[in-house]
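Only one structure is covered here, and it is reproduced in the block below.
Here, each number is a calculation from the coordinates, and none is a lab measurement. All values reported here derive from a predicted model rather than from experimental measurement. Backbone-built Cβ (ideal geometry, glycine too); neighbour counts: all protein chains shown.
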Amino acid sequence: MTNSRIAFRLSAGAGLVLMAALLPGCVNETALDDLREATPSGSAFNQALFKDYAALARSFGSVGAAAGIAFDGGGSLELTDMDSDIGALANSYASKALVAARGSVVEPDPGVDVPTHKMRDRLIRALDRNREAHPADAARAQADYDCWMMNATVAAMAASSKKCRASLEISLARLERETPAVPATPAPAAAAAAAGDSEKPSGQP
């Protein structure tokens, strides 16, 4: 075998090894991976919800590194080591973002005690009234609520959970103050006249 053929086979083999090493990185394995390629669709509320959940998912940065990106105005915790609980939390937000991106219903997390159940009920009432008229504010209130509940499940995120709780008080109160769109109703006189006409036998003036 000539030296040129040996060199060709060695280079081809090295190329296959390199491809094998790179291919696993090209396969989406987590919700965070899928989030990079997601394009939101559906209602304005769903698209706003996707944006907020995606921001929460990305606020942790790459797994194993601190992000320095804050979802809430006060700033999130600076993390130097991301354990499996933090990674799972980030992927939970990403999963909710992906459901919203598909235009499907994303339910707020359930409460864990009487105060959180009451807060969730209050949120649901506000969402039912205003998610169509005020989609951005409605999405922010839901994201704040889930940030409060979900971050509380990870000990390292306790302080961040409290910040999201404080943010929820502001965003939910704002949503509750907003007035939903009310369909126009006919004036009383016009409505009475219309009702009178409907009682006349057909053919009569």
>> Tell me which of HIS134, ASN46, ALA100 sits at the most positive position along the dipole axis of region 31-177, charges placed on C-beta atoms (Lys, Arg +1; Asp, Glu -1).
In response: HIS134
> Considering the dipole of region 31-177 built from charges on the beta carbon (Lys and Arg +1, Asp and Glu -1) around the Cα centre, which of ALA31, SER167, MET149 is farthest to its positive end?
Replying inline: SER167
> Mind checking the dipole of region 31-177: about its Cα centre, +1 per Lys or Arg Cβ, -1 per Asp or Glu Cβ, Debye to the nearest 20?
Replying inline: 520 debye
> Using only Cα atoms, what Kirkwood radius does region 31-177 have, in angstroms?
Replying inline: 15.2 Å
>> Give me the extension gain from HIS117 to SER43: residue separation times 0.36 nm, minus the current Cα-Cα distance, reported in nm with one decimal.
In response: 24.0 nm
> Among VAL154, VAL105, VAL112, which comes first, second and so on when ranked by fewest other beta-carbon atoms within 10 Å?
Replying inline: VAL105, VAL112, VAL154
> At what distance in nm do the modelled label points of ALA156 and SER84 sit from each other, each positioned 7 Å from its Cα along Cα→Cβ?
Replying inline: 1.4 nm
